[in-house]
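**Student:** I have a structure I would like to understand better, so I am pasting it below and will then ask my questions one at a time.
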Amino acid sequence: MSKSIKLNAFYKSVLSALNIIFPLITAPYVARILSVDGFTEYNKAISIISWFTPFAVFGVYTYGMRSVSQIKNDKKKVSALFTKLFIFNIFTSVLVTAVYVIMVLLVPSFLKYRNIYLILASQIFFVCFATDYVNEAFESYGFILIKTFLCRFLYVISVFLFVRKNDDIFIYILLVNISLILNNVFTFAYAKSKIRFSKICFKDLTSLFKPLSVVFLLVNSSMLYTIFDRFMLVWFSDALSLTYYNVSQTIILAVVNVTTSVLLVSIPRLSFYWADGKKNEYCFLLEKSSSSFLALHTPCCIGMAVLSFEVFYIYAGQKYLSGALSLCLFSVRYYFGAFDMILAKQVLLATGNEKILTKIYYFAGIYNILCKIVLVLLNKLTSELCIITTASSDILVVFLQILFIRKLGFNFSIFSKKNFKYLATSFIFIPIVLAIKHFVSFDGAISILIRSVLSVVLCAFLYLSMLIFTKDEFLKNLAFWKSKKQASGAKNE
């Protein structure tokens, strides 16, 4: 990776780390302060919002990041595209917000907590100001880091100041909304300071519908997976199952978002290389960034799986402890999801093969829906079985992606000896943690902390020792060591 890629990866990693630290500060406090009924209703409301937000975004973020990355050297083209995307997004945000509000007002089951759902409507509308796709395309990760830190910091302080009683659920939701709105408004203001609006006509907007529809179907294929799981749990399972599902996903995503920073920051550069015909540079960056991603991602997922009980206790407390198994399963699922992220975002999407990717996602998504219908008919719908069936869909996705990539003639494989080494070493975490649990029995918060610290320290030491002993390329990149081959590759960049 070139120096700018490394710096961007650093910014993205710090940003993702903040997204772990701040929730770890507030979420355990909120879960313990708010009543179980209020907290579970909030999770239900967020699950419903997740069905409307994608329609408000309508693929603008992903399409904008890739398209602006490819034309970022032409200010006029960037200005015209940004103007069209922003106005288009205002239209979709207003329309979807109106539909959501009408539904909340008309459906009787929302009556008791109607104010919660109406307050959350602002999250749908303000997605039109979420223009970080421009900042990511221009690789302005320093600004994104500072902006996010300030908004999150103010949010954390506000939660501890104003959320003090078990019935403060409305105050909590207001604070969440204000934080998200400020983040989006600052994002838009910064992007607008660099890009001027240009004159467009109605035809310019309508011309966006077809390409955005393709990206919308691609990006929001997740609605057939995790979002659909939440939908089914809302209507066909108990409220606690949904809470276990949401909390587990929140925890693992906080960790996974750190590891994926290595992958995500490479996408604008990969798209640029491919569009510019620099195939050698594309392949070099793909190999390096994907292996670095798996070197970080694998031990994190396996570590979270074996420490799921301890992590869930620290995060949510004793009253939600039954959700630890969901966290364990989510951790395993997101390990397999790493291969999907590499093949989808770095290969198929970056090279313009989104139509193939869309077909794959929807085929596996239909399979996932059928699995959930079977679980409902058998009266077996639980958060754990939802995660297991969705994980099987992820494996199907990866299998189909590999088949199509081979047909396209890409000389790239995710099943390398190096990647297997990361997994094999991480599996040794299991006996280490089990041994620690055997000698340090569960006896409240202190024993949990001792278990967690000992496990993390010993497992990290083992993994780092493996990297040093094998002179792993990831460690060389991290320490800015460069072999001759790496140096020549950097020159090409």
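The values are calculated or read from the model by the stated rules, or taken from the named source; none is laboratory data. Here the structure is a predicted model, which is why all the values come from computation and not from measurement. Heads up, the Cβs are rebuilt from the backbone with ideal geometry, glycines too, and the neighbour counts pull from every protein chain shown. Remember, those area values only see protein heavy atoms, side chains included, never the ligands or the DNA or RNA. Shrake-Rupley method; radii C 1.70, N 1.55, O 1.52, S 1.80 Å.
**Student:** Mind telling me which of the residues Val99, Val68, Val14 ends up being farther than 20 Å from Leu174 by Cα, out of contact with any strand residue (DSSP E or B) (no Cβ under 7 Å at 6 or more places or on another chain) and crowded, with 21+ Cβ neighbours inside 10 Å?
**Tutor:** Testing whether each residue is farther than 20 Å from Leu174 by Cα, out of contact with any strand residue (DSSP E or B) (no Cβ under 7 Å at 6 or more places or on another chain) and crowded, with 21+ Cβ neighbours inside 10 Å leaves just Val68.
**Student:** Report, by residue number, each residue of the stretch 102-126 that is out of contact with any Ser or Thr (no Cβ under 6 Å at 6 or more places or on another chain) and under 26 Å from Thr62 (Cα atoms).
**Tutor:** Of everything in the stretch 102-126, those that are out of contact with any Ser or Thr (no Cβ under 6 Å at 6 or more places or on another chain) and under 26 Å from Thr62 (Cα atoms) turn out to be Leu120, Ser122, Gln123, Phe126.
**Student:** Does the stretch 434-456 hold any residues that are open to solvent by less than 40 Å² (accessible area, probe 1.4 Å) and within 29 Å of the chain's Cα centre (by Cα), and which are they?
**Tutor:** Scanning the stretch 434-456 gives Ile448, Arg451, Ser452, Ser455.
**Student:** Right, here's the next one. With the requirement that a residue be without any contact (Cβ under 8 Å) to a residue 40 or more places away in the chain and farther than 27 Å from Glu41 by Cβ, what does the stretch 77-121 give you?
**Tutor:** Passing the criteria: Lys77, Leu81, Asn89, Ile90, Thr92.
**Student:** Hey, another quick one. Hey, among the residues in the stretch 338-384 that are touching a Leu at 6+ places or on another chain (Cβ under 9 Å) and of a type in the set (Lys, Arg), which one's least open to solvent (accessible area, probe 1.4 Å)?
**Tutor:** Lys372
**Student:** Just to be sure I understand, how many residues within the stretch 201-214 are in a helix (DSSP H, G or I), open to solvent by 50 Å² or more (accessible area, probe 1.4 Å) and either under 17 Å from Tyr361 (Cβ atoms) or hydrophobic (A, V, I, L, M, F, W, C) (or both)?
**Tutor:** Selection size over the stretch 201-214: 2.
**Student:** Sticking with this one: Go through the stretch 430-450 and give me each residue that's under 12 Å from Glu310 (Cβ atoms), in contact with a Leu (Cβ under 8 Å, 6 or more places away or on another chain) and assigned to a helix (DSSP H, G or I).
**Tutor:** Val433, Ile436, listed by residue number.
**Student:** Something else: Of all residues in the stretch 105-126, how many are within 19 Å of Phe55 (Cβ to Cβ) and over 28 Å from the mean Cα position of the chain (by Cα)? Let's see the steps before the verdict.
**Tutor:** Going residue by residue through the stretch 105-126, those that are within 19 Å of Phe55 (Cβ to Cβ) are 105-107, 110, 117-118, 120-126.
Pick out the ones that are also over 28 Å from the mean Cα position of the chain (by Cα) and you get 105-107, 110.
Going through the stretch 105-126 one residue at a time, the tally reaches 4.
**Student:** Then there is this: One residue is enough: does the stretch 408-421 have a residue meeting the conditions modelled with pLDDT of 90 or more and in contact with a Phe, Trp or Tyr (Cβ under 9 Å, 6 or more places away or on another chain)?
**Tutor:** So far as the stretch 408-421 goes, no, none of its residues is modelled with pLDDT of 90 or more and in contact with a Phe, Trp or Tyr (Cβ under 9 Å, 6 or more places away or on another chain).
**Student:** Then there's this: Please verify whether the stretch 350-360 includes one or more residues that are part of a helix (DSSP H, G or I), among the aliphatic types (A, V, I, L, M) and without any contact (Cβ under 8 Å) to a residue 24 or more places away in the chain.
**Tutor:** First, the residues of the stretch 350-360 that are part of a helix (DSSP H, G or I): 354-360.
Within this subset, residues satisfying the condition of being among the aliphatic types (A, V, I, L, M) are 356-357, 360.
Within this subset, residues satisfying the condition of being without any contact (Cβ under 8 Å) to a residue 24 or more places away in the chain are none.
The answer is no; no qualifying residue exists.
**Student:** Follow-up question, since we're still on this one. Taking Ser447 as the residue in question, decide whether it is touching a helix residue (DSSP H, G or I) at 6+ places or on another chain (Cβ under 9 Å) and either modelled with pLDDT of 90 or more or of a type in the set (Ser, Thr, Tyr) (or both).
**Tutor:** No: the conditions fail for Ser447.
Yes/no matrix, rows are residues, columns are (1) basic (Lys, Arg); (2) open to solvent by 40 Å² or more (accessible area, probe 1.4 Å); (3) in contact with a Phe, Trp or Tyr (Cβ under 6 Å, 6 or more places away or on another chain); (4) more than 15 Å from Ala191 (Cα to Cα):
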site: Ser47; (1), (2), (3), (4): no, no, no, yes
site: Trp51; (1), (2), (3), (4): no, yes, no, yes
site: Phe58; (1), (2), (3), (4): no, no, yes, yes
site: Tyr61; (1), (2), (3), (4): no, yes, yes, no
site: Gly64; (1), (2), (3), (4): no, no, yes, no
site: Ser79; (1), (2), (3), (4): no, no, no, no
site: Ile87; (1), (2), (3), (4): no, yes, no, no
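**Student:** Would you pick out the residues in the stretch 102-124 that are outside any helix (DSSP H, G or I) and open to solvent by 10 Å² or more (accessible area, probe 1.4 Å)?
**Tutor:** Within the stretch 102-124, Val107, Leu111, Lys112, Tyr113 qualify.
**Student:** Turning to a different aspect of this structure: Only one of (1) within 24 Å of Ser67 (Cα to Cα); (2) out of contact with any Ser or Thr (no Cβ under 9 Å at 6 or more places or on another chain); (3) among the hydroxyl-bearing types (Ser, Thr, Tyr) fails for Thr358. Which number is that?
**Tutor:** With (1) within 24 Å of Ser67 (Cα to Cα); (2) out of contact with any Ser or Thr (no Cβ under 9 Å at 6 or more places or on another chain); (3) among the hydroxyl-bearing types (Ser, Thr, Tyr) applied to Thr358, the lone miss is (2).
**Student:** From the list Ala275, Ala324, Ala316, Ala350, pick out the single residue that is at pLDDT 90 or above and not aromatic (Phe, Trp, Tyr).
**Tutor:** From the options Ala275, Ala324, Ala316, Ala350, the qualifying one is Ala324.
**Student:** In addition: When you check Val36 against the structure, is it within 19 Å of Val163 (Cα to Cα) and either in contact with a strand residue (DSSP E or B) (Cβ under 6 Å, 6 or more places away or on another chain) or at pLDDT below 85 (or both), yes or no?
**Tutor:** Yes; evaluated as a whole, the condition is true for this residue.
**Student:** Could you tell me whether the stretch 182-200 includes any residue that is surrounded by fewer than 18 Cβ atoms within 10 Å (Cβ to Cβ), touching a residue at least 60 places away in the same chain (Cβ under 8 Å) and among the aliphatic types (A, V, I, L, M)?
**Tutor:** Yes.
**Student:** Next question. Can you find, within the stretch 135-164, the residue that is modelled with the highest pLDDT among those that are open to solvent by 30 Å² or more (accessible area, probe 1.4 Å), outside any helix (DSSP H, G or I) and not acidic (Asp, Glu)?
**Tutor:** Arg164
**Student:** Quick one: would you say Ser69 is more than 27 Å from Ser122 (Cβ to Cβ) and among the small types (Gly, Ala, Ser)?
**Tutor:** Judged against the criteria, Ser69 is a match.
**Student:** Only one residue in Leu242, Leu294, Leu233, Leu217 is out of contact with any Pro (no Cβ under 7 Å at 6 or more places or on another chain), surrounded by fewer than 23 Cβ atoms within 10 Å (Cβ to Cβ) and either free of Cβ contacts under 8 Å to residues at least 24 places away in the same chain or assigned to a helix (DSSP H, G or I) (or both). Which one?
**Tutor:** Testing whether each residue is out of contact with any Pro (no Cβ under 7 Å at 6 or more places or on another chain), surrounded by fewer than 23 Cβ atoms within 10 Å (Cβ to Cβ) and either free of Cβ contacts under 8 Å to residues at least 24 places away in the same chain or assigned to a helix (DSSP H, G or I) (or both) leaves just Leu217.
**Student:** Turning to a different aspect of this structure: Go through the stretch 396-407 and give me each residue that's surrounded by fewer than 15 Cβ atoms within 10 Å (Cβ to Cβ) and touching a helix residue (DSSP H, G or I) at 6+ places or on another chain (Cβ under 8 Å).
**Tutor:** In the first step, residues of the stretch 396-407 are kept if they are surrounded by fewer than 15 Cβ atoms within 10 Å (Cβ to Cβ); the result is 399, 403, 406-407.
None; the set is empty.
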